[in-house]
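Contents: one structure, followed by commentary.
Values in this text are rule-based calculations from the coordinates and carry no lab data. Just so we're clear, the structure is a prediction, and the values are computed from it rather than from any experiment. Positions of Cβ are backbone-derived with ideal geometry, glycine not excepted, and every protein chain shown enters the neighbour counts.
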Amino acid sequence: MNASWTRRRTTWPWAIPALALLGPFLLWPLGAMVWRAVTPDGSFSLGPLGDVVGDGYYWRRLGFTAGQAAASTALSVLVGLPAAYVFARLRFPLRGFLLALLTVPFVLPTLVVAIAFQQLVGPGGWLNDVLEAMGLDPIRPLGTLGIILAAHVFYNVSIVIRLVAAVWRNLDPRTEEAARLLGAGPLAAFRAVTLPALTPAILSAAALVFTFTFTSFGVVLILGAGNPDLDTLEVVVYRLATRLVDLPAAALVSTIQIGATITALTLYSYFQRGATRSLTLRGERSRRLREAGWGQRLLAFLVVVALGVFIVAPMAALVHSAFTVGASDVATLENFTSLFDDTGRQSFIPPLDAVRWSLTFAAGSAALATVVGLASARAIAYSRGAFGALGDGLLMLPLTVPAVVLGFGYLVTFNRDPYDLRGSLWLVFAAHALVAYPFVVRSVLSTLRAVDPRVPEAARMLGASSWTVWWSVEFPILRRPLLAGALFAFAVSLGEFGATVLLQRREFATLPIAIFDALSKPGEANLGHALAMSTLLMAVTAAAFLLIERLRYRDTTGF
């Protein structure tokens, strides 16, 4: 028996925790959903499939979904590449703080992102107030493709910056300098030397951004302003399941969407492996800003200003509105203090209860996601060839399943005795853990792959047991990225909206659900509550990412 087979045999038991979670809470619901699609009346029939495939509406929604995702991805890469260079090659004050701030939108509920853009460019927003003061006509971007693309870039540009900057930071600048000494110009040296080395990371980031924008839900639901021409497949699934109650059609559309996201995520995994293999851990090669040339300093200034305006402005508009809506533009704490008031309405969701349930779900799901994510990362990192690629795709499957589709699958599956779990908080907990654990995997995996395998092997040759090697050699290296992954999972759970909106009950409604509930009711008081709760959620998320930025290893390629 060769060594590689022995290692594979001892590695794959680490995948058991993930498979125990994936089996009943992902694979079974997805299978039940597909079966429901082809057996609408209890017997097998391809009629629903023919109805969906033959309906031009669904083809138009698929085309629009793919088109807006491609445009969002291209814009995110275009904005992110100059910023990735600045964060990789230059050191300047508050660099870590700004990088953490850039990541906050990524784990905010898409609902909160949509609210932030409403407060920035919507009726009565900051931008329109400025235009009015200048005597210009207001803009009305809500319900247009432009505002959706802008929100998607705001939401996902940090993916490009983090993944590409991590690779760029590790590249030896002397290689490009050698090309310059041989007569190549700056652009030619970049194209011939640097760009090929960055390509796997760029393509990896693009595939991941495409996956997230292809499954866009909250941004389109709110900023689309009810325009049916802007509906993505995820919004179509939501409306089919909740408004039209056409479950077979919803299941079929969900299946099509999952197929597209699996393809994109498979490409991400492939390119990420390429980016990781090309690196070795080395000291940081960035230079101090005062040591850089005037061109680099100008670029850094432009990037910081552009990102500061683009990222900070929507969040600042949201915070400002939280203190001023309903108070005649005078900053008060009224919207925050009124969160403690019980309106007495039967449908009222007490914000403090929503905070408590959000923290409960986030803490529980982060703990489970940390265990499952660590085990999965170990199984993936030490597998090779097609076997490893297949395992990587399987264990990362939750990233390919849109949250709304996951919630819909639970409703289709767990709806009859003896496993009728409708209205159970355990389904919400399972959904949050599934959504969160892939981020733990990505946080830990790059560090595991970067560890020299000869180090633990030397410990084994000296007589150390597998447990001793793990605890004394591997765990000290993984402790920081593991804690960062746990915080990432906590933040992702806090912001989860797509699955929870289908599974929630008033008794254990989370903070994003309370925000959505407040937005669905008229009046400035409800809007003020939604803005105040969004501000609190954003503050907790920002604090989590400031900790992550201090904990993560800066020379690894994970997100």
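In this structure the amide hydrogen of residue 90, modeled in the peptide plane, comes within under 5 Å of the amide hydrogens of 287, none closer than 5 places in sequence on its chain. Inter-label distance, residue 66 to residue 424: 3.8 nm, where each label sits 7 Å from its Cα along the C-beta direction.
Packing around the peptides 203-212, 79-88, 434-443, 222-231, taken as the average count of other Cβ atoms within 10 Å per residue, puts them in this order, highest first: 434-443, 203-212, 79-88, 222-231.
Between residue 543 and residue 472, what length comes free when the chain is fully extended (0.36 nm per residue of separation minus the Cα-Cα distance, one decimal in nm)?
Values: separation 71, 0.36 × 71 = 25.56 nm, distance 3.05 nm.
Additional length available on full extension: 22.5 nm.
Using a Förster distance of 45 angstrom, determine the FRET efficiency expected from the C-beta separation of residue 178 and residue 239, and round it to 0.05. The value I calculate is 0.20.
Peptides 133-141, 23-31 ranked from most to least packed, by the mean per-residue count of other Cβ atoms within 10 Å: 23-31, 133-141.
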